[in-house]
Amino acid sequence: MLELSVNSKSPAAIAAALKKIHEMSMTGAIEKNVPVHITLEAGLYRESVRYNLSNPLIIEGSSHSKAKDCVIQADNCEAFRKGVSNRSVFSIGPNVTSITIRNLTIINTHNKSIMEGNTMMDSAEALAWDNDTGVLKAEGIRIEGRQNALYVKGFAWFKDCYITGDADFIYGEPETAFFEGCTIHLREDNRGDYNGYAVMCRAEAESKGFVFSDCTFTADKRRKNKVFVYRTAGKGSPVTKRDWDSAAFVNCSLSNLYDPELVWDDDMNLNVYPRGNAATGIREYNTRVINSDGSSEPADTALRNVKTYSLTDDDYFNGYASRYLILKDTPLEENL
């Protein structure tokens, strides 16, 4: 394994380390399958990071620091640089076989400026996993942004992470993206009082999509508008193999600020496809509501969007009761 240590005193220090790895790989100084371990000393790294090599990578903050002590930060968005891989602060490309990110914070500081709603030009990812075949594991990290803060494709596992944004801030086209023990915080909109949405999934057909297990969803209160756990893009259909709604919420706790309908579909003017079932669609099990006094109680699902599905005990014990059941038959299984 190639070991590198980086500190924030040099400009673009992380980019320089990754450039060194690329040069070593291209010249044959290291094989293209040699694992690389980068340790970041505590500090503020004001740069954007791109990684697209086949060398398995572990990048983490130093063991004696907390995630908030090691920060990768930039102001970027679609209006500045077009395309998800260019506008994100930390972008991981399609050639990556395996990457582990631990104990650090990634922030896109971009504030939305367009007042007409959530537009493409204000898309501003903090972390973009733009990869269909490799494996991403993130543990103990913080991801902060506003619109589209976290983009996920393929296979990913987020454990004990904190993720915050204000609109569709966890989104993408995942096969299986597993969130375990994470805190998901829907923050205020910097422009004023707008609806907020935590999750949007446009998955490949039949895929598990986003699976949230033992996660806590918190929110900042709007004055008049609402906050939703999920928003549909309304593009899924039986004749397409893309853009399916697929998200499971298992043993999760939701702030009572979230709308009890759970899913925003523009008052049923958008298609939610497929209808929730044991394997795909929008489904939940054993959801609890966190009251303003900090107590919690079982959620009343009577007002849920009609396209959602409450998993049965059999569904749960057959497919969601453990990490193994959720990740089996995926490339993530070998990380168990």
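Before moving on, here are some points about what is shown:
- Set Ala167, Ala149: member being open to solvent by less than 10 Å² (accessible area, probe 1.4 Å), closer than 23 Å to Gly117 by Cα and over 9 Å from the mean Cα position of the chain (by Cα): Ala167
- Note on the stretch 152-161: residues that are in a strand (DSSP E or B) and more than 10 Å from the chain's Cα centre (by Cα) amount to 3.
- Residues satisfying the stated conditions in the stretch 119-145, i.e. buried (at least 21 other Cβ atoms within 10 Å of the Cβ), over 26 Å from Thr330 (Cα atoms) and either in contact with a Leu (Cβ under 6 Å, 6 or more places away or on another chain) or not acidic (Asp, Glu) (or both): Ser123, Ala124, Gly145
- Any hit, the stretch 222-244, residues being open to solvent by less than 40 Å² (accessible area, probe 1.4 Å), touching a strand residue (DSSP E or B) at 6+ places or on another chain (Cβ under 6 Å) and more than 15 Å from Lys307 (Cβ to Cβ): yes
Rundown of residues vs (1) touching a Ser or Thr at 6+ places or on another chain (Cβ under 8 Å); (2) over 27 Å from Leu327 (Cβ atoms), yes/no style:
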{"position": "Ser237", "(1), (2)": "no, yes"}
{"position": "Ser255", "(1), (2)": "yes, yes"}
{"position": "Asn271", "(1), (2)": "yes, yes"}
{"position": "Gly276", "(1), (2)": "yes, no"}
{"position": "Ala279", "(1), (2)": "no, no"}
{"position": "Asp293", "(1), (2)": "no, yes"}
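- Listed by first and then second residue, the pairs with beta-carbon distance under 6 Å, at least 6 apart or on different chains, first residue in the stretch 157-169 and within 17 Å of Asn335 (Cα to Cα), second among the acidic types (Asp, Glu) and assigned to a strand (DSSP E or B), are Lys159/Glu139; Lys159/Glu180.
Residues checked against (1) basic (Lys, Arg); (2) in a loop (DSSP other than H, G, I, E, B); (3) over 26 Å from Gly165 (Cβ atoms):
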| residue | (1), (2), (3) |
| --- | --- |
| Phe217 | no, no, no |
| Ala233 | no, yes, no |
| Phe249 | no, no, no |
| Met268 | no, yes, no |
| Val272 | no, yes, no |
| Asn277 | no, yes, yes |
| Gly294 | no, yes, no |
| Glu297 | no, no, yes |
| Asp314 | no, no, yes |
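- Residue that is nearest to Glu60 (Cα to Cα) [pool: residues in the stretch 117-147 that are part of a strand (DSSP E or B) and charged (D, E, K, R)]: Glu139
Quick grid of which residues meet (1) out of contact with any Lys or Arg (no Cβ under 9 Å at 6 or more places or on another chain); (2) among the small types (Gly, Ala, Ser); (3) more than 20 Å from Ser207 (Cβ to Cβ):
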| position | (1), (2), (3) |
| --- | --- |
| Thr105 | no, no, yes |
| Gly134 | yes, yes, no |
| Phe155 | yes, no, no |
| Tyr162 | no, no, yes |
| Ile170 | yes, no, no |
| Thr176 | no, no, no |
| Glu180 | no, no, no |
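- Being part of a strand (DSSP E or B), out of contact with any Pro (no Cβ under 7 Å at 6 or more places or on another chain), open to solvent by 10 Å² or more (accessible area, probe 1.4 Å) and hydrophobic (A, V, I, L, M, F, W, C) holds for only one residue in Ile114, Ile107, Ile101, and it is Ile107.
- Listed conditions (1) in contact with a Leu (Cβ under 7 Å, 6 or more places away or on another chain); (2) at pLDDT 90 or above; (3) not in a strand (DSSP E or B) are all met by Ser25, apart from (2).
- Subset of the stretch 29-48 [open to solvent by 40 Å² or more (accessible area, probe 1.4 Å), in a loop (DSSP other than H, G, I, E, B) and either over 15 Å from Ser5 (Cα atoms) or of a type in the set (Lys, Arg) (or both)]: Ala29, Glu31, Lys32, Asn33, Ser48
- When residues of the stretch 49-71 are limited to those that are open to solvent by 10 Å² or more (accessible area, probe 1.4 Å) and β-branched (Val, Ile, Thr), the one farthest from Thr100 (Cα to Cα): Val71
- Here is the figure for the stretch 234-256: residues that are over 21 Å from the mean Cα position of the chain (by Cα) and under 16 Å from Ile290 (Cβ atoms) total 1.
- When the test is whether a residue is free of Cβ contacts under 8 Å to residues at least 24 places away in the same chain, surrounded by 14 or more Cβ atoms within 10 Å (Cβ to Cβ) and small (Gly, Ala, Ser), Ala17 passes it.
- Residues that are open to solvent by 60 Å² or more (accessible area, probe 1.4 Å) and over 16 Å from the mean Cα position of the chain (by Cα), drawn from the stretch 208-221: Lys221
The values are calculated or read from the model by the stated rules, or taken from the named source; none is laboratory data. Fair warning: this is a prediction, and the values are worked out from it, not measured in the lab. Virtual Cβ from ideal backbone geometry, glycine too; neighbours counted across all protein chains shown. Heads up: the accessible areas ignore ligands, DNA and RNA and are worked out on the full protein's heavy atoms, side chains in. Shrake-Rupley method; radii C 1.70, N 1.55, O 1.52, S 1.80 Å.
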